[in-house]
Every structure is written in structure tokens, then in C-alpha cells.
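One structure is given below, encoded as C-alpha cells.
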Amino acid sequence: MIEEIIFNNYGIQVELEEANIRFPSFRSGNMIYSIVPIENMEQEELVERHIMSQHLISQGDRHVSAFVLANHGSYVSEADEQLFILLANQALEGPKNFNPGRRLARFHQRGRNINETIRTCSRIGKWKELWEQRIDQLEKIWRDKLNSHPDNQFEKLFIETFPYYMVLGENAIQYLVDTEIDDTPQIVDSGTVCYERFLHDTWKSNKWIKNPFDWVFDHGTRDVAEWVREHYFQNVHTYQRGIGHFFHEYQSIEPLSSFSARLLYSRMLFPIHYFETVEEYFSKTTESRSNELEDKISTITKSSPQYESFLKHFYELAEVPAKQYDLPKIDWI
């Protein structure tokens, strides 16, 4: 059915299904096509994702997905009463020597000089509001559980530890607010194309396809923070070398301004790893997953002194001249 719709709408023959890509994908000739469902997506968001895609392609990024225009003159098609967009990529090999720091910095450079305004996909200036919402939602759950008394180990740990992580989150928000008041953004602090969540395998696991439906428009330190956070938690005892190398390579292309460094630090302070664990647990997960999350929150809370030490030496690890930039410290860490 879908093969027929693809052929009728685009004149493309579906030859081989492609696995290990986020969206349903297939190969035709030397191209890989992805079918992206867009139900409930506003037109403005689609337009902005197309703008970001076109811009990065024009900047020479050969791994960025291009929107495919259908025979009926629109980028939007329909199958089984579902609207979708077709994206195209050349079937390219990934780089032999993958250097995430340098490649991410190049990606940010290319995404920074978009001429059109990005609004719907933008997260610029919204961190404070989004973080406050998260803290408020979890505080409500915490108060409810406090009053009803916890009935399992996860809830007991949550009740005991949430005040600490709430303070950490509030410190992150204050650090962010102070940065926006006291510091001045430079050209390097302009918004750029980022990922909702940039991780080690974001590009590799998608066969190097850079899909515009994975993106947001934000400050580049969003991606830097998420890569570093994941690396830290996967290598709690041996993280220094990997993170140090990542920052060295990133800054060889894109040196961090004082504003960037402070924004990055506020994001590292915000305990998203703890908040997401709690949010997932209370979203009615399976019993087996609940057990995994109980182990996870226990590990997170037991290792909080190590994470504080990581934050204490963060600027040094990131090769940021903290004294020269006169960057503020968090006294209690």
C-alpha cells in the first residue's frame, strides 16, 4: 500500500527496507528515504524545519535530510488517512575517524547564520520557564506522596532526596538568570540548529542521517551539555579524558564565550537525570521498568557527592578560563 503511494506521489520505487533509523525508511538506488508522520504538527513548525534543513544543505552538510516535493506540488502526502513528509538522504558512509567535539562545533557553525526567524522550534530564552515547570510538577507529586506516605522503596527515596535536587534545580535557574542579567552574549551565542537531545550515538545510530524532525533551535551549549552529561554517567570513574578531549576539540572550532560557559554550567547544574527518572516512574511504567528505575534513582542519589565534585571542577575540565572570565562559583559545591 505505502509502496504504491510513494510511487504514485513521488515516482520513487521502494527497493529495500532500511532498519535502525528512527522513522520508517527504505532505499531506492543510492538514496535513503524516511517517512515522517506529521499528524498534529502545525504548518509553521513544518516550514521552520524545512528552512533549517535547506540552510544546512546550502552550507555543505551532505548528511542533512532534504524534503522531497510530491508530484501534486506539496511536501505533505497522505497514506491511510495519515499525513506524512518524505525525506531524502544520499546513502553515505560515516566518517572513519569520528570526532564528536569538532563535528558538533562545525554543525553549530553552519546552523548559526539562518536568515529567517525561527519561532515555533525555538527554545532560546525558554530554559527558565521550562525548568520551573518541571520543578513545580515534581514538587506537587512530592507533597502528595509526603502526605499519603510512601509505600515502596522508590517513593521513600524520592521523598528523602527530592528537596536536595529541587535546590540544585533552583540554583541552576538562578545561575541562568544571573548570566542573562550580568553577561553579554557574543556572536557565538546566537541561536543555532541543535538536537532535542544530542547523545553519543545520535548520528551513528541513524546511519549519519541528520533528520530535521530531531532538531530544535537553541543555544549550542544545549548539545554540548547533553553529550557531556551522558558521557559522565556512562564513565563515572574515567570521564575526565573523554570529556576533556571533547571540549578541546569543540573549542578548537568554537571557543566558548563567558556567556556560553555560564549557560553551559547552568545546564549541567540542572539535575535532569534525576528529574527524568522520577517523571518516568510516575508515568505508570511497567513493573520491570519500575524496578530498573528504583535501581537508577538509588545509584543517582548515592553518587551525588561525586557529581558535586564533577561540577566543582567543571570549568577546569572544560578548559574555560574561569578567572579571566570572572565566572561565579556555587559556594556550597
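The values are calculated or read from the model by the stated rules, or taken from the named source; none is laboratory data. Model, not experiment: these values are computed from the prediction. All Cβ positions, even for glycine, are placed from backbone atoms using ideal geometry, and neighbour counts span all protein chains on display. Quick note on the areas: whole protein, heavy atoms, side chains included, nothing else; ligands and nucleic acids left out. Shrake-Rupley method; radii C 1.70, N 1.55, O 1.52, S 1.80 Å.
As an exercise, use a Förster radius of 41 Å and the Cβ-Cβ distance of His149 and Phe233 to find the FRET efficiency, rounded to the nearest 0.05. Before the final figure, lay out the partial values.
Values: r = 31 Å, r/R0 = 0.76.
Once rounded, the FRET efficiency stands at 0.85.
For the chain, what value does the Rg/Rh ratio take when both radii are computed over Cα atoms and Rh is the Kirkwood radius, given to two decimals? Intermediate values should be presented prior to the final figure.
On the way: Rg = 21.9 Å, Rh = 22.0 Å.
Using only Cα positions, Rg/Rh for the chain is 1.00.
Ignoring ligands, DNA and RNA, what percent of the accessible area of the stretch 175-277 is carbon or sulfur (1.4 Å)?
Values: 1800 of 3530 Å².
With neighbouring chains kept in place, the figure for the stretch 175-277 is 51 percent.
How about the stretch 44-151: which GluC sites (Glu not before Pro) there lie in a loop by DSSP and see at most 14 other Cβ atoms within 10 Å?
Details: sites: Glu44, Glu45, Glu48, Glu78, Glu81, Glu93, Glu116, Glu129, Glu132, Glu139; in loops: Glu81, Glu93, Glu116.
Answer by residue number: Glu81, Glu93, Glu116.
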Nearby lysines by direct alpha-carbon distance to Lys207 (threshold 21 angstrom, same-chain neighbours under 8 apart not counted): Lys96
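Of the heavy-atom accessible surface of the stretch 1-87 (probe 1.4 angstrom), what whole percent is carbon and sulfur? All intermediate terms of the calculation are to be shown ahead of the outcome.
Working: 2280 of 4850 Å².
Heavy-atom surface of the stretch 1-87 belonging to carbon and sulfur, 1.4 Å probe: 47 percent.
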Mean separation of Cα contacts under 8 Å (6+ apart) over length of the stretch 50-145, as relative contact order %: 22 percent
Å² per residue, accessible surface of the stretch 89-242 at 1.4 Å: 51 Å²
Among Ile32, Leu130, Ser257 - extreme Cα towards positive end, dipole of the chain, charges at beta-carbon: Ser257
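Can you classify the stretch 146-224 as rounded, prolate or oblate using the Cα gyration tensor, where a ≥ b ≥ c are the square roots of its eigenvalues, rounded means a/c under 1.5, and otherwise it's prolate if a/b beats b/c and oblate if not?
Details: a/c = 3.96, a/b = 1.42, b/c = 2.79.
Here the stretch 146-224 falls in the oblate category.
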3J(HN,Hα) from dihedral phi, the stretch 217-226, Karplus parametrisation 6.51/-1.76/1.60, rounded to Hz, x for glycine, proline: 9, 7, 6, x, 5, 4, 5, 4, 4, 5
Check: the stretch 254-333 dipole with +1 on Lys, Arg Cβ and -1 on Asp, Glu Cβ, in debye: 220 debye
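When the helix-only estimate is applied to the chain (DSSP H runs of n ≥ 4, each -39,500 (n - 2.57), divided by the residue count), what is the mean residue ellipticity at 222 nm, nearest 500 deg cm²/dmol? Provide the component values of the computation, followed by the final result.
On the way: 13 runs with 173 residues, N = 333.
Result for the chain: -16500 deg cm²/dmol, rounded to the nearest 500.
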Binned Cα-Cα distances of the stretch 1-62, short to long, each 5 Å bin given as a whole percent: 4, 14, 18, 20, 24, 17, 3, 0
Residue list for the stretch 179-205, given a label point 7 angstrom along the Cα-to-Cβ vector of Lys126 and an amide N cut-off under 12 Å: 196
The chain, relative contact order [Cα under 8 Å, separation at least 6], %: 18 percent
J(HN,Hα) series, the stretch 296-303, from Karplus relation 6.51 cos²θ - 1.76 cosθ + 1.60, nearest Hz, glycine and proline x: 5, 5, 5, 5, 4, 6, 5, 9
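Within the stretch 116-216, list the trypsin sites (Lys or Arg not before Pro) lying in a DSSP loop whose Cβ has at most 12 other Cβ atoms in a 10 Å radius. Don't skip to the end; give the middle numbers.
Numbers: sites: Arg119, Arg123, Lys126, Lys128, Arg134, Lys140, Arg143, Lys145, Lys156, Arg197, Lys204, Lys207, Lys210; in loops: Arg119, Arg123, Lys126, Arg197, Lys207.
Passing sites in the stretch 116-216 are Arg119, Lys126.
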The stretch 94-190: radius of gyration over Cα atoms, expressed as a fraction of 2.2 N^0.38 Å: 1.59
Only Lys, Arg (+1) and Asp, Glu (-1) charged, at Cβ; the chain dipole about Cα centre in debye: 1100 debye
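Calculate how large, on average over all directions, the projected area of the Cα convex hull of the stretch 231-317 is; give the answer in nm² to one decimal. Let's see the in-between values first.
Working: hull surface 26.4 nm².
So the Cα hull casts an average projection of 6.6 nm².
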Segment Glu180-Arg62, extension gain: residue separation times 0.36 nm, minus the distance between their alpha carbons: 38.9 nm
Residues of type lysines that Lys329 reaches as a straight line, Cα spacing below 16 Å, ignoring anything fewer than 8 places off in the same chain: Lys312
Centre separation in Å (Cα based) which lies between the stretch 110-145 and the stretch 153-174: 19 Å
Exposure of Thr238 as accessible area (Å², to 10), given a probe of 1.4 Å and all protein chains: 90 Å²
Label-point gap, in nm, between Ala79 and Ala19 - each point 7 angstrom along Cα→Cβ: 1.9 nm
Cα pair distances of the stretch 34-147 binned at 10 Å [whole percent]: 11, 28, 29, 21, 10, 2, 0
Span from the the stretch 27-94 Cα centroid across to the the stretch 240-285 one, whole angstrom: 30 Å
Charge dipole of the chain about the Cα centre (unit charges at C-beta), most positive-ward option of Met52, Pro305, Ala88: Pro305
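For the stretch 35-157, what is the charge dipole size about the Cα centre, in debye to the nearest 20, if Lys and Arg each add +1 at the Cβ and Asp and Glu each add -1 at the Cβ? Working shown, then result.
Working: 17 positive and 18 negative charges, 206 e Å.
Roughly 1000 debye, rounded to the nearest 20.
Using heavy-atom solvent-accessible surface (probe 1.4 Å) with all chains present, what is the largest-first order of Leu269, Leu92, Leu16? Display every interim value, and only then the final one.
On the way: Leu269 0, Leu92 45, Leu16 100 Å².
Final ranking, largest accessible area leading: Leu16, Leu92, Leu269.
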